[in-house]
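So the structure is just underneath, and the comments pick up after that.
The values are calculated or read from the model by the stated rules, or taken from the named source; none is laboratory data. Source: prediction; values computed, not measured. Ideal geometry is used to build each Cβ from the backbone, glycine not excepted, and the neighbour counts take in all protein chains shown.
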Amino acid sequence: MEQTAELQKSIKVGDVGYVNKNCWLAKNLGYPPTKHCQYCQLKFTDCLFFRYSAISLFLVFVIFISAILIEGTVSKLLIVSVFTLIIIYGYYFDKSTESIIEANFAERKAKEALEELNENLQQKVDEQTKDIKQAYEVEKKAKEQLEAIDSVKNQFLMTVQHHLRTPLTSMMGYADLLLAGNFGKIPKKIKEVVKKFETSTTSLIKMVNEFLDVTQFQLGKEVVCLGDNVNLCPVFKDIFRDIELEAKRKGIYIKIEKPEGDCTIKADEAKLKAALTNIFDNAVKYTNKGGITIKLGVVDGMVKVEIKDTGIGISKERLPKLFDITFERTEEAKKTFATGRGIGLYLSSQVIKAHNGKIWAESEGEGKGSTFHIELPVEQRTKVVAVR
Amino acid sequence: MASKKKTIFLVEDDLTIIDVYKTAFKLAGIDFEVMALGRQVIDRIKDIQCDKAEKPSLVLLDLILPDMNGTEILKEIKGNEKTKDITVFLLSNYTNDESLQTDGIKPDKFILKAGITPTQLIKLIEIQLKKS
């Protein structure tokens with residue numbers, strides 16, 4: 001109502017008008033509501049349609065009375081014609097006004113809808129821009145925090161490497177010099193003590209190296225340095241010599257099937273040897289009865305190693321995460337070999353993966369032995385000739 | 001004709017490690033010179049490049065020195081025509097890649113100090129000195 005009153009002041013004939021769907025005339029005469037102005041509901045005399053309709057009716061009445069009262073046919077015809085023209089003009093004026101109102105109304109409605117859409121759209125764009133800016137700031141801050149943490153981790157790693165390894169280097173160095181006689185001949189008993197000292201130091205260095213390697217792998221650092229044309233045969237020869245001695249001592253059998261000839265791959269020889277040694281050592285360590293069967297071969301450009309043992313086996317629950325766990329050991333493993341650290345398999349798998357290789361294990365369950373498979377890409381093909 | 005005296009440079013700042021290696025070198029009869037600062041080595045290398053000093057047969061280069069990173073010294077040695085044939089063994093207790101950035105210039109050997117005994121190091125040095 002208030003809006004209507006305001007519009008009432010500004011609107012005039014021929015101007016853009018609004019349509020009131022509750023128009024009395026539209027309801028009662030069945031006239032389409034789009035053809036009425038907004039004032040209809042308020043006063044009949046303000047309705048454009050009503051005005052022209054009322055005026056038209058009045059003019060018809062005047063023509064009728066004039067036709068009766070005025071004398072002379074020509075005069076009567078003239079008056080009738082004039083009034084008819086006025087009525088026709090009024091009718092078409094009304095019609096054209098209504099058309100203009102209708103067209104103006106449609107245009108105004110469309111314009112208002114567009115303005116509303118633009119306003120909504122602009123509001124949405126502003127809101128989304130604000131959200132994007134906020135998200136960008138959050139991401140930027142998170143990235144800076146991660147970079148800061150990364151830097152701290154790197155610094156920690158460098159500090160630990162230096163401060164742990166440097167005194168150990170000196171300890172191992174002096175023990176080696178003593179045993180080599182650099183400080184003169186030492187008594188036998190002292191020599192034995194120094195040997196034990198050297199063994200413990202070497203063991204400690206190995207442990208520190210492994211812990212640092214685990215940390216580096218977990219931080220995503222490069223731990224291996226691949227060199228070309230590393231011959232695997234002498235590597236396996238050394239490993240087999242050691243495990244055959246240990247197997248003999250334990251009274252378990254070892255069967256080895258390996259190819260003749262050289263087999264070269266891209267590798268960090270020292271790290272790969274340590275990784276493979278760990279797997280073979282585990283097979284011997286955790287087998288007390290029966291023995292181990294080892295198969296080596298080259299198939300489709302890959303060195304394939306299979307180590308099957310009759311040892312303590314691996315539970316089905318542990319198998320999927322066997323190479324991901326660090327510092328955890330099963331009770332059975334602890335009983336069989338008390339001093340393990342629980343990082344060997346993790347390190348071996350990381351080193352083998354860094355060599356673009358694969359490692360996986362199979363087992364029927366605890367107490368049922370296990371089979372470890374290793375694959376490494378070769379630089380040269382080799383045929384399997386015979387079983388030894 | 002007397003054979004040329006073979007000298008090695010030991011570039012190391014840790015006093016205990018210097019003592020260990022000095023003891024081993026003396027007993028093995030290896031002639032050596034110790035430099036604890038990177039600047040000293042750079043100056044010597046520049047003298048060699050200007051023919052003012054003799055080339056060493058081998059450089060044992062520590063990675064982390066008080067005044068600079070050993071890789072800068074490596075670049076100085078390997079980046080010059082007159083000194084690029086000097087054999088450099090990089091010695092370090094660091095194994096992460098950030099500390100080993102050498103922009104493509106590689107040492108002749110990388111040795112983990114904690115992974116080698118003085119006896120083993122002497123053997124490596126003797127093999128290298130026989131080659132040079």
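Per-residue answers, yes or no, for (1) at the interface with chain B (Cβ under 9 Å from one of its Cβ atoms); (2) over 20 Å from residue B:121 (Cβ atoms); (3) touching an Asp or Glu at 6+ places or on another chain (Cβ under 7 Å):
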residue	(1), (2), (3)
A:167	yes, no, no
A:174	yes, no, no
A:178	no, no, no
A:189	no, yes, no
A:201	no, no, no
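Sort out which residues of the range A:374-388 are surrounded by fewer than 16 Cβ atoms within 10 Å (Cβ to Cβ) and either touching a strand residue (DSSP E or B) at 6+ places or on another chain (Cβ under 8 Å) or at pLDDT 90 or above (or both), and write them in order of number.
Once the filter is applied, which keeps residues that are surrounded by fewer than 16 Cβ atoms within 10 Å (Cβ to Cβ) and either touching a strand residue (DSSP E or B) at 6+ places or on another chain (Cβ under 8 Å) or at pLDDT 90 or above (or both), the range A:374-388 yields A:377, A:379, A:380, A:381, A:383, A:387, A:388.
If I go through the range A:188-221 residue by residue, how many of them are outside any helix (DSSP H, G or I) and either surrounded by 13 or more Cβ atoms within 10 Å (Cβ to Cβ) or in contact with a strand residue (DSSP E or B) (Cβ under 9 Å, 6 or more places away or on another chain) (or both)?
Residues flagged as outside any helix (DSSP H, G or I) and either surrounded by 13 or more Cβ atoms within 10 Å (Cβ to Cβ) or in contact with a strand residue (DSSP E or B) (Cβ under 9 Å, 6 or more places away or on another chain) (or both) within the range A:188-221 amount to 2.
So, in the range A:261-309, exactly how many residues are assigned to a helix (DSSP H, G or I) and more than 27 Å from residue A:367 (Cβ to Cβ)?
6
Could you list all residues from the range A:162-183 that are in a helix (DSSP H, G or I) and of a type in the set (Gly, Ala, Ser)?
A:170, A:173, A:175
Of all residues in the range B:109-125, which are touching a helix residue (DSSP H, G or I) at 6+ places or on another chain (Cβ under 7 Å) and either exposed (fewer than 15 other Cβ atoms within 10 Å of the Cβ) or not in a helix (DSSP H, G or I) (or both)?
Residue satisfying the conditions is B:117 alone.
Which condition breaks for residue A:234 when tested against (1) more than 14 Å from every other protein chain (Cβ to nearest Cβ); (2) modelled with pLDDT of 90 or more; (3) assigned to a helix (DSSP H, G or I)?
For residue A:234, the exception is condition (2).
Here's a check for you: in the range B:23-45, which residue that is among the charged types (D, E, K, R) and surrounded by fewer than 16 Cβ atoms within 10 Å (Cβ to Cβ) is nearest to residue A:183 (Cα to Cα)?
B:26
Just for helices (runs of 4 or more DSSP H) wholly inside the range B:1-95: which have at least 3 residues that are away from chain A (no Cβ under 13 Å) and touching a helix residue (DSSP H, G or I) at 6+ places or on another chain (Cβ under 7 Å)?
Those helices (runs of 4 or more DSSP H) span B:38-49, B:70-78.
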